[in-house]
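The values are calculated or read from the model by the stated rules, or taken from the named source; none is laboratory data. The structure displayed is predicted, hence computed values, not measured ones. Methodologically, a virtual Cβ is constructed for each residue, glycine included, from the backbone with ideal geometry; neighbour enumeration extends over all protein chains shown. Only protein heavy atoms, including side chains, enter the accessible area calculation; ligands, DNA and RNA are left aside. Shrake-Rupley method; radii C 1.70, N 1.55, O 1.52, S 1.80 Å.
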There are 2 protein chains.
Amino acid sequence: MSKYDDETTYAIGELAREFDITPRSIRFYEEQGLMSPSRTGQNRVYLNKDRVRLKLILRGKRLGFSLAEVKTLFDMYDTNPNSAIQLEAMLEMTEQKRAVLKQQLEDIQMLMTELDDVEARCREELAELKRGNIA
Amino acid sequence: MSKYDDETTYAIGELAREFDITPRSIRFYEEQGLMSPSRTGQNRVYLNKDRVRLKLILRGKRLGFSLAEVKTLFDMYDTNPNSAIQLEAMLEMTEQKRAVLKQQLEDIQMLMTELDDVEARCREELAELKRGNIA
DNA sequence: GTACAGGTTTACGTTAACGTTAATTACATT
DNA sequence: AATGTAATTAACGTTAACGTAAACCTGTAC
C-alpha cells in the first residue's frame, strides 16, 4: 500500500488484458458514463481508482446487474454517499437479486435430479445393448 | 394422475397467463423448434406434454441457457436412443452440463455471500444514521 | 347481424452490450 | 525511411428474444 500503488497508471490495453476483456468494452463503459479516465494527449490513462471502478463494473455484471443498474448505483454513491435513501435503494436492489438467485438455485437442483434420471436411463439401455438385447 | 390429466388441452392464451408470458413468446418458441403443438383448424392446441415442455424452456431460461441451448438439450432427449453411439454421446453431454451446473451452483453461493456482506454493511450504516451519527 | 374476445400469419422494430471495420495518429524499432 | 504496435474517433453491424402493428378469420353473446 505504498504511495506508488496509487500512482501506478495503466493503458487501456493493459487493463483489458488484466480483466480479459477488450479495449472496446472499456471504452463502452466510459461512453455509458461508468468511468472517466484522464488523458495524456488523446490517450486514456487509468489510475488505480479507475481500475477499481472497472473491477466493480465487472463484479456487478457477474451479479447480474445491467450496466445501467451499475451506473445507477455509481451515480447514487457519487452524488450522495452514505445517505439513507441511497442505502435503502441499494438494499432493495440486492433483495431483488437475491430472489433471482434463490430461484436459480432451486432450478439447478431440479435440473440435476432430472439429469440423474436421464443418465440412469441411458446406462440401463447401454447395459441392455451390451447384453445383446437389441430389438 | 387420471386419464383426464393427460388429455386436458390448453389454448395459447391460457398457457401464456399461467406462466406469465405473452402468446408471442410461445409462438416464438415454436418457431425456434422448441415445441410443436397440434391444431384444431388453424388454432394451436396444447397438451400436457407441451405444457411440460414450456415449463422446461422457462426453467432453462432462468438458468441462463439460451433458447438454442435448450433446443440442443431437447433434441438430444428426443433423439431415438437405440444406438450405443448416440447414448454415449448423450451421456457425455449430460456430464458436461452437470459440470456447468455445479460451477453455477458454486458461483451463486459465492454471490449470495457477497450480497450478505453488502447488505450487512448497508444495515450497519443505516443503523448509525438512525442513531444520529451523521458526519 | 354485429360486436367482441380470442386466435392466426407476416413482417418490421427494439434493446443491450458490445464486434467490427475504417481512417488516422504516434511512438519504437529495424 | 519503413515497419510494427498500440492508441484514437466515428459509425455501421450483430445477436437474442421477443414487442408491436397490420390485416385477417371465427366462434359465442347480445
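For this structure, a couple of remarks:
- For chain A, adding -39500 (n - 2.57) for each run of n ≥ 4 DSSP H residues and dividing by the number of residues yields -24000 deg cm²/dmol at 222 nm.
- Computed about its Cα centre, the charge dipole of the protein assembly as shown is approximately 580 debye, with only Lys, Arg, Asp and Glu carrying charge at their Cβ.
- Karplus-based coupling profile of region B:8-17, in residue order and whole Hz: 4, 10, 10, 7, 4, x, 5, 4, 4, 5, with θ = phi - 60° in 6.51 cos²θ - 1.76 cosθ + 1.60 and x standing for Gly or Pro.
- For region A:93-121, residues shielded by at least 40 square angstrom of accessible area compared with the chain on its own, probe 1.4 Å: A:Thr94, A:Arg98, A:Leu101, A:Gln104, A:Leu105, A:Asp107, A:Ile108, A:Leu111, A:Met112, A:Leu115, A:Val118, A:Glu119
- Nonlocal amide H pairs with A:Val45, under 5 Å, H built at 1.01 Å: A:Ser38, A:Arg39, A:Thr40
- Most to least packed among B:107-120, A:24-37 [average Cβ atoms within 10 Å]: A:24-37, B:107-120
- Solvent-accessible area buried by A and B, counting both chains, probe 1.4 angstrom, square angstrom: 3500 Å²
- Label points for B:Lys130 are taken 7 Å from Cα along Cα→Cβ. From this copy to the others they lie 6.3 nm apart, shortest first.
- All distinct Cα pairs of region A:1-79 go into the 1/r average, and the inverse of that average, the Kirkwood radius, is 13.1 Å.
- Relative pair counts by distance (%), Cα atoms of the protein assembly as shown, 10 Å bins: 5, 19, 22, 22, 16, 10, 4, 1, 0
- Whole-percent carbon and sulfur share, accessible surface of chain A, 1.4 Å: 53 percent
- Degrees, to the nearest 10: A:67-79 long Cα axis against longest axis of chain A: 40 degrees
- In the context of the full set of protein chains, the protein assembly as shown has a per residue accessible area of 65 Å² (1.4 Å probe).
- Across the identical copies, how the A:Asp75 labels are spaced - nm, sorted shortest first, 7 Å along Cα→Cβ: 4.3
- Exceedance of the 22 Å cut-off in Cα-Cα distance is limited, within the set A:Lys61/B:Lys61; A:Lys61/B:Lys55; A:Lys71/B:Lys55; B:Lys49/B:Lys102; A:Lys55/B:Lys130, to A:Lys61/B:Lys55; A:Lys71/B:Lys55; B:Lys49/B:Lys102; A:Lys55/B:Lys130.
- Heavy atoms of A:Glu18: accessible area, 1.4 Å probe, square angstrom to 10: 90 Å²
- Across all Cα atoms of chain A, the radius of gyration (one decimal) and Dmax (whole number) stand at 23.9, 77 Å.
- Starting from the label point of B:Thr113 at 7 Å along Cα→Cβ, the same points in the other copies fall at 2.7 nm, in ascending order.
- Assuming charge only on the beta carbon of Lys and Arg (+1) and of Asp and Glu (-1), the dipole of region A:84-135 about its Cα centre is about 200 debye to the nearest 20.
- Its Cα centre serving as origin, chain A has a Cβ charge dipole (Lys and Arg +1, Asp and Glu -1) of approximately 560 debye.
- Relative contact order (%) - criterion: Cα under 8 Å, at least six apart; region: region A:1-115: 20 percent
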